[in-house]
Protein chains: 2
Amino acid sequence: MTEVPARERLMDAAVEAFAERGFHATTTRDISTRAGMSPAALYVHHASKEQLLYEISSAGHLNTRHMLADAYASTADPVARLATMQFEFTKWHAVHSKRARVVQYEISALTPEHRREVAGHRRDIERIYQDAIREGADKGVFEIEDVPGTALALISMAIDLVRWYQPDGPRTPDSVAQLYADLALRAVGARTA
Amino acid sequence: MTEVPARERLMDAAVEAFAERGFHATTTRDISTRAGMSPAALYVHHASKEQLLYEISSAGHLNTRHMLADAYASTADPVARLATMQFEFTKWHAVHSKRARVVQYEISALTPEHRREVAGHRRDIERIYQDAIREGADKGVFEIEDVPGTALALISMAIDLVRWYQPDGPRTPDSVAQLYADLALRAVGARTA
DNA sequence: CAGTGTACTAAGCGCGCGCTTAGCGCGATG
DNA sequence: CATCGCGCTAAGCGCGCGCTTAGTACACTG
């Protein structure tokens with residue numbers, strides 16, 4: 001029986017609430033009640049409601065960026081590399097669909113400074129996709145006309161999943177991830193081995 | 001010099017405000033000020049802030065559903081049909097990117113009844129995509145394993161565009177629409193003529 | 001068993017929200 | 001030129017928000 005610290009219980013409650021109602025429609029009373037505490041408890045552990053969002057958003061962006069960098073570095077084969085990237089990126093959004101909903105859709109609720117920081121992580125993520133696609137094209141393994149545009153389309157598929165994905169629905173994270181990895185390879189015109 | 005009715009000026013102002021800040025972060029004072037009126041004027045022409053959102057959302061859903069039905073009916077050739085659908089659907093989201101942002105991302109702010117109605121339109125849209133893909137697969141023109149999953153992926157590409165699309169950026173609605181139509185045909189494994 | 005630090009709560013402040021009410025200005029009508 | 005009604009506004013109500021302050025319960029220490 002491990003005790004979950006109050007600070008984390010509040011973060012988990014905030015993820016749930018932000019994902020269900022959105023940041024602006026969520027009250028600090030809702031978050032603290034979900035965590036089984038009084039309204040004032042939130043301010044013992046976190047500076048503000050926005051700070052709570054920032055912590056969730058920042059951790060999520062660092063997490064996915066790291067994951068993609070690892071997937072990129074895992075092999076030099078463009079086909080396996082892009083497939084792994086799209087598989088992992090999609091799977092993360094399915095497994096952590098609530099967290100991902102907050103990470104992807106509540107950026108505009110951050111303060112300008114926090115928003116700028118997060119925008120940097122997002123550019124990094126785009127660049128990793130672009131590099132993976134461009135390298136495949138340069139090696140003649142992919143057929144691509146618009147590298148940044150194609151990168152955006154692949155990222156969009158995975159991100160938009162959090163708008164409709166239901167954890168208790170028929171699709172498992174692995175099955176969507178496999179489908180989207182296959183679609184990504186088709187979209188880049190990958191030569192089938 | 002045509003006079004724009006106050007009712008529509010308020011709707012246009014609401015689209016701008018909802019798209020920039022989101023429904024819950026937008027105040028009725030903000031909307032009426034943008035329309036050049038006093039706060040009370042909003043309630044002369046609209047029953048509530050939610051009703052304003054519903055009108056925007058409903059019109060947008062009917063609009064896109066109709067557009068897709070037309071594109072579906074325009075030809076019996078699966079390849080041309082799906083290309084037209086994805087082109088038009090993508091182009092609409094680029095041309096009306098602010099309106100589309102509200103239509104796609106503020107559904108949870110609707111009343112349960114309005115949300116249910118809009119959900120029906122969304123199911124219709126999914127079904128049109130599924131029909132177009134299934135028919136291509138049945139005729140042996142497409143290679144598809146998961147029809148509903150592939151439909152969701154194509155829809156996601158177009159919808160998620162409103163998260164990043166900038167009207168004054170380098171990409172024109174037609175250029176993104178063309179790219180996404182091509183990617184859609186690749187994703188369904190369309191035989192090139 | 002008094003003293004102390006930690007983790008939390010009870011109570012509530014001030015603000016800005018969605019929305020209402022009462023009434024005004026003014027062109028159209030007789 | 002009195003009357004009416006339409007389109008709009010000035011003023012403000014009551015509520016629930018984010019957040020603060022002052023204090024309490026209690027495990028731990030000597």
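The values are calculated or read from the model by the stated rules, or taken from the named source; none is laboratory data. These numbers come from a predicted model, not from an experiment. When we count neighbours, we look across all protein chains shown, and the Cβ atoms used for this are built from the backbone with ideal geometry, even at glycine. For accessibility, only protein heavy atoms count, side chains too; no ligands or nucleic acids. Shrake-Rupley method; radii C 1.70, N 1.55, O 1.52, S 1.80 Å.
Within the stretch B:125-133, identify whether any single residue is open to solvent by 50 Å² or more (accessible area, probe 1.4 Å) and touching a Lys or Arg at 6+ places or on another chain (Cβ under 9 Å), and answer yes or no. Spell out how you get there, then give the answer.
Narrowing the stretch B:125-133 to residues open to solvent by 50 Å² or more (accessible area, probe 1.4 Å): B:126-127, B:131.
Checking which are touching a Lys or Arg at 6+ places or on another chain (Cβ under 9 Å) leaves us with none.
There is no residue in the stretch B:125-133 that is open to solvent by 50 Å² or more (accessible area, probe 1.4 Å) and touching a Lys or Arg at 6+ places or on another chain (Cβ under 9 Å).
Being open to solvent by less than 20 Å² (accessible area, probe 1.4 Å) and in contact with a Lys or Arg (Cβ under 8 Å, 6 or more places away or on another chain) is the filter here; which residues of the stretch B:175-187 pass it? Before the answer, list the steps.
Here is the first cut: in the stretch B:175-187, the residues open to solvent by less than 20 Å² (accessible area, probe 1.4 Å) are B:176-177, B:180-181, B:183-184, B:187.
Passing the criteria: B:176, B:177, B:187.
Which of the residues that make up the stretch A:150-173 are over 25 Å from residue A:58 (Cα atoms) and either small (Gly, Ala, Ser) or modelled with pLDDT under 95 (or both)?
Going residue by residue through the stretch A:150-173, those that are over 25 Å from residue A:58 (Cα atoms) are A:150, A:168-172.
The one that is over 25 Å from residue A:58 (Cα atoms) and either small (Gly, Ala, Ser) or modelled with pLDDT under 95 (or both): A:169.
Let me confirm something: among A:41, A:14, A:47, which residue is within 16 Å of DNA strand D (Cβ to nearest atom) and under 24 Å from residue A:169 (Cα atoms)?
Values: A:41 fails: under 24 Å from residue A:169 (Cα atoms); A:47 fails: under 24 Å from residue A:169 (Cα atoms).
Answer to the check: A:14.
Determine whether residue B:68 is away from DNA strand C (no atom under 15 Å from the Cβ) and either among the aliphatic types (A, V, I, L, M) or more than 14 Å from chain A (Cβ to nearest Cβ) (or both). Steps first, please.
Working: away from DNA strand C (no atom under 15 Å from the Cβ): yes; either among the aliphatic types (A, V, I, L, M) or more than 14 Å from chain A (Cβ to nearest Cβ) (or both): yes.
Judged against the criteria, residue B:68 is a match.
Those residues that are open to solvent by less than 40 Å² (accessible area, probe 1.4 Å), touching a residue at least 12 places away in the same chain (Cβ under 8 Å) and not in a loop (DSSP other than H, G, I, E, B), I need them from the stretch B:138-155; list them, please.
Within the stretch B:138-155, B:147, B:150, B:151, B:152, B:153, B:154, B:155 meet the criteria.
Looking only at the stretch A:156-174, filter to residues that are assigned to a helix (DSSP H, G or I) and at the interface with chain B (Cβ under 8 Å from one of its Cβ atoms); which one of those is surrounded by the most Cβ atoms within 10 Å (Cβ to Cβ)? Outline the logic, then answer.
Pass one, the stretch A:156-174, residues assigned to a helix (DSSP H, G or I): A:156-164, A:173-174.
Adding the requirement that they be at the interface with chain B (Cβ under 8 Å from one of its Cβ atoms) leaves A:156-157, A:159-161, A:163-164.
Details: A:156: 21, A:157: 28, A:159: 22, A:160: 23, A:161: 26, A:163: 18, A:164: 15.
Among those that are assigned to a helix (DSSP H, G or I) and at the interface with chain B (Cβ under 8 Å from one of its Cβ atoms), it is A:157.
Which count do you get for residues in the stretch A:39-55 that are crowded, with 19+ Cβ neighbours inside 10 Å and touching a Lys or Arg at 6+ places or on another chain (Cβ under 7 Å)?
Summing the residues that are crowded, with 19+ Cβ neighbours inside 10 Å and touching a Lys or Arg at 6+ places or on another chain (Cβ under 7 Å) in the stretch A:39-55 gives 0.
Name the single residue, out of those in the stretch B:21-30 being within 14 Å of chain A (Cβ to nearest Cβ) and in contact (Cβ under 8 Å) with a residue 12 or more places away in the chain, that is nearest to DNA strand D (Cβ to nearest atom).
Here is the first cut: in the stretch B:21-30, the ones within 14 Å of chain A (Cβ to nearest Cβ) are B:21-27, B:30.
Subsequent filtering for residues that are in contact (Cβ under 8 Å) with a residue 12 or more places away in the chain retains B:22-24, B:26, B:30.
Values: B:22: 14, B:23: 15, B:24: 10, B:26: 15, B:30: 13 Å.
Only one residue tops the list, namely B:24.
With the structure loaded, tell me whether residue A:36 is surrounded by 21 or more Cβ atoms within 10 Å (Cβ to Cβ) and either within 13 Å of DNA strand C (Cβ to nearest atom) or within 22 Å of the chain's Cα centre (by Cα) (or both) or whether it fails that test.
Values: surrounded by 21 or more Cβ atoms within 10 Å (Cβ to Cβ): no; either within 13 Å of DNA strand C (Cβ to nearest atom) or within 22 Å of the chain's Cα centre (by Cα) (or both): yes.
Taking the combined requirement at face value, the residue does not satisfy it.
Checking the structure you have, find out if any residue of the stretch B:1-20 is farther than 24 Å from residue B:124 by Cβ, outside the structural domain of residue B:153 (by TED's automatic domain parsing), modelled with pLDDT under 95 and among the β-branched types (Val, Ile, Thr).
yes
Could you please give the count of residues in the stretch B:1-53 that are more than 22 Å from residue A:25 (Cβ to Cβ) and basic (Lys, Arg)?
2
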